[in-house]
Structures are given as structure tokens and as C-alpha cells.
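Below: the structure, in C-alpha cells.
Computed from the coordinates by the stated procedures, all read-outs in this text should not be read as laboratory data. Predicted model only: the values in this text are computed from it and were never measured. A quick note on method: Cβ atoms are made from the backbone with ideal geometry, for glycine too, and the neighbour counts reach across all protein chains shown.
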Amino acid sequence: MSGSVPFLNLSAQRTRINSLLKPRLDRVFEHCQFVLGPEVQEFEQRLSHYCHARHAIAVSSGTDALLAVLMGEDIGPDMAVFLPSFTYTATAEVVLLLGATPIFVDVDPETFQIDIASLKKRYDTVLSLKKLVPKVIIAVDLFGQPAPWDELKEFAASRKLTLIADCAQSFGAVYKNRKLGCEALATTLSFFPSKPLGGYGDGGAILTNDDEKAALYRSLRSHGEGKERYNVQRIGLNARLDTLQAAILLTKLDVFEQELQKREEIARYYDKHLPLNITPPQRVPYSKSAWAIYCVTLESRVKRDSLRQTLTDNNIGSAIYYPKPLHFQPAYKKYHDGTALPVSESKGGYVLALPIYPDLKDDERSQVIKVIKKWAKDNS
Ligand SMILES: *Cc1c(COP(=O)(O)O)cnc(C)c1O
């Protein structure tokens, strides 16, 4: 029988980039500026250049990036922040940490991105209840694909809402010929190891074209410091990116475009070879995915669970994003008004993420398809 196919294989990538990585790390060990050393600045420049954003501010995680951006908008009690329910917990967590109220919005059944019709309805409800002031939309670029930015921008502008992009999963994706990074007032990135650009630990960044906000985020990530170090202007965070992480991420940025191409190639291979009763991911129009996650849809929960079991039995990794929407989570449900969000509530029962990463070998991806095809034949 063929060997196992892990859901993610970071050690294969490390072996591939080892010779590039070593000299960068050695340089940090030589200068010993472990906090805000020269690599952090170099990484910020490379990041902003990569996606044509005026500023990139490296921070300690994607979650801290979101937190700093919300702090920069003075978000607090009696304010409403709209966000999709079908996302990772961090998107809602930061809202509650600041005492504001998350307003959960449904997602599009085909692309899983935030649904504009649901957003409008949720906004109207908040407005009519007159308890919360609608302030911010955090739109998530989910699974590597972009949110519907043109529609979001139009809606946010018409209601005077601030738009924030949680791009933790989609750095490198393209929307209407633009790399993601400039669609919102601020775009937040995560370099958690499993994201398309992943470090060897936690890391994140904020991208913005706004000069004043950029200075504010720099202050917020470092204890609210002013221009002079011991001149504290505001309540801030210790949310800096380590110099060592910056050195690692610089190395990974060197090979990032190649890796994106590799992910695209694997996605096309899966698209082409999946049996008919398994639906490949639907592309967001006019976009290119970063393929953080390749998520297929099955006809029923029973079939999904059966396929997942078959993959497991054949030592092939898979994952479910997200088994439970945020408004059903024990920590969050008390903040939800009970409105049904049918897509977010049901999708978790039908979806399955397959292995997709640059070091997935040709024989590994064909092994995945072989097992899926056999399962489809046995279960038709
Ligand atoms: C990973 C992720 C985050 C959080 O990033 P961390 O770097 O782990 O803090 C936020 N939002 C989404 C959608 C994510 O996938």
C-alpha cells in the first residue's frame, strides 16, 4: 500500500529552504537585536512592496493585528462590529476583548465569503434596535480567496462604516488584478505556521495606505510609545514581531510566488480529477486564490463523514473548516440575537479540506485522488 499523505508537511518545506534560511538566522545571532532588529524593517518593506500597500507594520500575530486595528478605531462598549460567523474564532474574539458587540453575518453558499444581503439585513436590525452604534465591518478573505470587496466598499461607504480586512488566510491572493492588501482601511495578516506565508511560531502584520493610522499601529504594537521611547501616548500592547521570525519570513517570502503557483497547480489537479458527486471549491469571480485551504463540498453529512473516514483509513490527512459557526460557540452564543444564519449553520456538515501545500508531491496528490475515486465508486 502507498505511504501516508499528511494534511500539512512543514518539514519538507524546511528541508527545501534550509540553505537559504541558515545565513539569515546566523546574521540575527551575530547582531543580537532580537526585538525590532533590522530584519523586521526589511520584512516590512518587502511586504508593503509585495502588495503595493504604503505601510506594513509587523506584529506578533494575526489576532494582535486585528486587536491593534480595532483599538486604532477606538472600538469599545455599545458599538457593533459586523463579521462573518463562518470564520476562525480570532475574528470575533478581538471585538469582545474590547467590550464591543460582534454582529454575526451569514456567508455565501458557493464561495463561503461574507454575504452582502445578510450584512444589509443585520445592519438594518442593529440600526432599528437603537442600542448599538454600527461602526466596523471585518470582512474575512476566507480559505485563500478574497471577500467581495467592491460590494463591501460600496456598502461601507454608504453607511459610514469602517472596513477592515482579516486576510489571515489569503495573503498572496489577487482580486481584480490587485494583490490583497489595500481593499480596506487596514488589512491584517497572520504568519501562523499553517498559513500560506507561515513562520516558525506566531506572527502577523497590518497593511495600510493611511500614514496616520500606520504611525498609530506602530505605537500600539509597542506599548503606546510616542516618538521617544519612554513617552507613553496611549494604552498599547506588546505585539511586536520577533527579529528571528522576520528573518524566517524574509526567507519564505523569497520562494512565496513559486509556492503559490504550486498550490494553484495542485488545486487545478484536484478540480480536474474529483468525481462528479464531490463539488470543488467555487472561485470568487475575477480573483486568484492563495489556496490556504482547498475545501470540497459533499452531498450530505453522512457522505462527508464517510469520505473523511476512508481518507483517515488510508493515512491521508483532511480537516473540517468550520464544524461549528461562531454564533453557536459556547463563548459567543450569548451575544447573538438568535437570527438564523442558515449557510454558516449547515456548511460545516458538508465540507472537507484536502491536503494542499507546495511540497505535496505528485504521487501524493494522485494517491489522494485514487482513494477518493475508489470511495466514490463504492458509495454511488
Ligand atoms: C489564523 C486566523 C486568525 C488569527 O491569526 P493568528 O496569527 O493565529 O493570531 C485570524 N483570522 C482568521 C480568519 C484566521 O484564519
Open item on the list: With viscosity set to 1.306 mPa s at 10 °C, what whole-number translational diffusion coefficient in µm²/s follows for region 233-285 from Stokes-Einstein and a Kirkwood radius over Cα pairs?
Closed with: 106 µm²/s
TODO: Please give the calculated 222 nm ellipticity per residue for the chain, where each DSSP H segment of at least 4 residues contributes -39500 (n - 2.57) and the sum is spread over every residue; nearest 500 deg cm²/dmol?
DONE: -13000 deg cm²/dmol
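In the structure shown, do any of Lys179/Lys213; Lys153/Lys262; Lys179/Lys262; Lys195/Lys334; Lys262/Lys288; Lys213/Lys324 have a Cα-Cα gap over 24 Å, and if so which?
Lys153/Lys262; Lys195/Lys334; Lys213/Lys324
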Task: Percent breakdown of C-alpha pair distances by 5 Å bin, ordered from the shortest bin, for region 179-317 - done: 2, 8, 12, 14, 15, 13, 11, 9, 6, 5, 3, 2, 0
Task: Inverse of mean 1/r across different Cα pairs in region 72-201, Kirkwood, Å - done: 14.9 Å
TODO: Set Lys and Arg Cβ to +1 and Asp and Glu Cβ to -1, take the dipole of region 1-152 about its Cα centre, and tell me which of Met79, Ile17, Ser61 lies farthest positive.
DONE: Ile17
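Stick to the Cα atoms of region 138-233, pair each with every other, and give me the Kirkwood hydrodynamic radius in Å at one decimal.
14.5 Å
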TODO: Compute the relative contact order of region 261-358 as a whole-number percentage, counting only Cα pairs closer than 8 Å that sit 6 or more residues apart in sequence.
DONE: 38 percent
Task: Under 18 Å from the Ala12 label point (7 Å along Cα→beta-carbon), backbone N, region 346-368 - done: 353-368
TODO: Give a quick list of GluC sites (Glu not before Pro) in region 237-317 that DSSP marks as loop, anything other than H, G, I, E or B, with at most 13 other Cβ atoms within 10 Å.
DONE: Glu299
Task: Over the chain, volume per residue of the alpha carbon convex hull, in Å³ - done: 135 Å³
Task: Fluctuation leader among Leu129, Leu352, Leu341 - the chain, Gaussian network, Cα springs under 10 angstrom - done: Leu129
TODO: Select from region 60-163 those trypsin sites (Lys or Arg not before Pro) which occupy a DSSP coil region and have at most 12 other Cβ atoms within 10 Å, ordered by residue number.
DONE: Lys130, Lys131, Lys160
Task: Karplus 3J(HN,Hα) series, Hz, for region 170-184 with 6.51 cos²θ - 1.76 cosθ + 1.60 (x for Gly, Pro) - done: 10, 4, x, 6, 10, 10, 6, 6, 10, 5, 4, x, 10, 7, 10
Open item on the list: Through the Karplus equation 6.51 cos²θ - 1.76 cosθ + 1.60, θ set to phi - 60°, convert the phi angles of region 215-232 into ³J(HN,Hα) values in whole Hz; use x for Gly and Pro.
Closed with: 5, 5, 5, 4, 5, 5, 6, 10, 6, x, 4, x, 4, 8, 4, 9, 10, 7
TODO: For Gly204, list long-range residues whose amide hydrogen, built 1.01 Å from N in the peptide plane, is under 5 Å from its own amide hydrogen.
DONE: Val59, Ser60, Ser61, Phe191
- [ ] Step through the residues of region 187-195 one at a time and calculate ³J(HN,Hα) from phi using the Karplus curve (6.51 cos²θ - 1.76 cosθ + 1.60, θ = phi - 60°), rounding each to whole Hz and writing x for Gly and Pro.
- [x] 10, 10, 10, 10, 10, 3, x, 8, 6
Open item on the list: If neighbour count is taken as other Cβ atoms inside 10 Å, put Met79, Met71 in order from fewest to most.
Closed with: Met79, Met71
TODO: Name the residues whose placed amide hydrogens come within less than 5 Å of the amide hydrogen of Ile103, ignoring near sequence neighbours (fewer than 5 apart) on the same chain.
DONE: Val81, Phe82, Leu83
Open item on the list: Give me the one-decimal nm value for the distance between modelled label points at Glu345 and Ala157, 7 Å along each residue's Cα-to-Cβ direction.
Closed with: 3.5 nm
Task: Amide proton proximity set for Leu185, modelled H, under 5 Å, gap of 5+ - done: Leu163
Open item on the list: Could you check the spin-label model distance between Lys227 and Glu110? Points 7 Å from the Cα along Cα→Cβ, value in nm.
Closed with: 5.3 nm
